[in-house]
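A short write-up of the structure that comes next.
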């Protein structure tokens, strides 16, 4: 909406202005038109702020290093289990967890 109003105001000002004379003022009209177009173009551009990127001078950053800790193993727990078969013989067996 704002651009439309500005455009209509500029168009109305150009229609109401007195035309340039034909006795050599063509160059002045062209320069004035370019200058007016430049001002109008800059007025209609959206304003965007771009934050500059940070610059670090001579700071060494080491590359990332993958660190894998040693796996943790439990010591096996072993014990002997005794059992009897159907004839009454006793057997032992080593069982580790």
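The values are calculated or read from the model by the stated rules, or taken from the named source; none is laboratory data. Since we're looking at a predicted model, the values are computed, not measured. So basically every Cβ, Gly included, is an ideal-geometry build from the backbone, and we count neighbours across all protein chains shown.
Points worth noting:
- A residue that is in a helix (DSSP H, G or I), at pLDDT below 80 and out of contact with any helix residue (DSSP H, G or I) (no Cβ under 9 Å at 6 or more places or on another chain) can be found somewhere in region 14-24.
- Scanning region 30-47 turns up no residue that is on the phi > 0 side of the Ramachandran plot and in a loop (DSSP other than H, G, I, E, B).
- Close pairs (9 angstrom Cβ cut-off, 6 or more residues apart or separate chains): within 21 Å of residue 10 (Cβ to Cβ) in region 22-36, loosely packed, with under 10 Cβ neighbours inside 10 Å and modelled with pLDDT under 80 anywhere: 29/19
- Selection within region 40-72 - within 30 Å of residue 6 (Cβ to Cβ) and surrounded by fewer than 10 Cβ atoms within 10 Å (Cβ to Cβ): 41, 42, 45, 46, 47, 48, 49, 50, 51
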